[in-house]
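The values are calculated or read from the model by the stated rules, or taken from the named source; none is laboratory data. Keep in mind that what you see is a predicted model, and the values were worked out from it rather than measured. Methodologically, a virtual Cβ is constructed for each residue, glycine included, from the backbone with ideal geometry; neighbour enumeration extends over all protein chains shown.
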Amino acid sequence: MKKLQYLVIGLIIITVTYPLGSEYLERVKEKISEKNLESGVILYDLEGYQFDVPLKYYYLIYQKTNRWPTPKKERQSVKSFEIDVVLPNMLPFSEQTAEKFEARGWKDKMWITLWSHDNVIGDFGAWFNKNKHKYRILGFSNEAPSLIHIIDHRGGIIENDENYSEKYFKSVNDFNEYFYIQCEHESTKVFPTYPSCKLHTKYGELKLTLTFARKHMSDWEEILNNAVKLLDRFKVSIN
């Protein structure tokens, strides 16, 4: 009889205290997450380039887990990493920018991605000449007046074909420089709502990719300059 009483009492205690314990653990996790957002830093080593990136510039990791995880104390050797910002001032996640990060589509968000030098095309001019049969050159762009606008037909040159992308290059004299912008075209069938652009260039010996909404295409030079300044801030000087 006493064993049954003890069992009943034990069950009552567990029933009463478990929700309180669960709520307490959630509060602790939330506090840790808030502290990580405020002061967490991710230490990267990418092909000998070292960067100290505040955790608040990595919104996608929060989006996946609904928590700001505790970064590792040791420096991580990686092949690429990403920085998530809000244009035009390269702002990280905060109470003030939360709404912009959470908005559907690209809007004012931009992803900055650095890749190992293995991802960089070496002789860009040779690459362009090899593939130029797929392109239709439209001339200088109204969207970005300093760049040449080219239609890239992925499946062959077919008029009114939806299967194409739009590329933007600097002048022919600059083809030895690794730089181009590729944009999704605005179509009722392909990418109808959130067309984006990817700017590809180099950062030192690394490949740099900037992904942003097409509506910001005309500001590509300012966007690129600000992105490089941000990376320079995070780069660690190695003596």
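Details
- Where a residue in segment 83-109 is assigned by TED's automatic domain parsing to the domain that holds W220 and under 26 Å from L43 (Cβ atoms) and its partner, wherever it lies, is at pLDDT 95 or above and loosely packed, with under 13 Cβ neighbours inside 10 Å, with Cβ under 8 Å and at least six apart: M90/K229
- Applying the condition of being β-branched (V, I, T) and at pLDDT 90 or above to segment 28-63 and asking which residue is surrounded by the fewest Cβ atoms within 10 Å (Cβ to Cβ) yields V41.
- Candidate set: segment 24-66, residues that are aromatic (F, W, Y) and in a strand (DSSP E or B); chosen: the one nearest to V78 (Cα to Cα): Y44
- Of the candidates E95, E82, the single residue that is under 21 Å from the mean Cα position of the chain (by Cα) and either assigned to a strand (DSSP E or B) or modelled with pLDDT of 95 or more (or both) is E82.
- All positions within segment 52-62 that are touching a residue at least 24 places away in the same chain (Cβ under 8 Å) and either of a type in the set (A, V, I, L, M, F, W, C) or within 13 Å of A98 (Cα to Cα) (or both): V53, K56, Y57, Y58, Y59, L60, Y62
- For segment 208-231, the criterion of being buried (at least 17 other Cβ atoms within 10 Å of the Cβ), among the basic types (K, R) and either at pLDDT below 75 or within 19 Å of the chain's Cα centre (by Cα) (or both) is met by at least one residue.
- Within the set Y57, Y44, the sole residue that is closer than 20 Å to T211 by Cβ and more than 13 Å from the chain's Cα centre (by Cα) turns out to be Y44.
- Out of G125, G105, one residue alone is assigned to a helix (DSSP H, G or I) and either among the polar types (S, T, N, Q) or modelled with pLDDT under 95 (or both). It is G125.
- Filter result (surrounded by 18 or more Cβ atoms within 10 Å (Cβ to Cβ) and either more than 14 Å from the chain's Cα centre (by Cα) or within 22 Å of F234 (Cα to Cα) (or both)) within segment 98-107: F101
- Residue among K189, K202 that is at pLDDT 85 or above and either among the basic types (K, R) or not assigned by TED's automatic domain parsing to the domain that holds Y57 (or both): K202
- Residue check, Y164 modelled with pLDDT of 80 or more and crowded, with 19+ Cβ neighbours inside 10 Å: no
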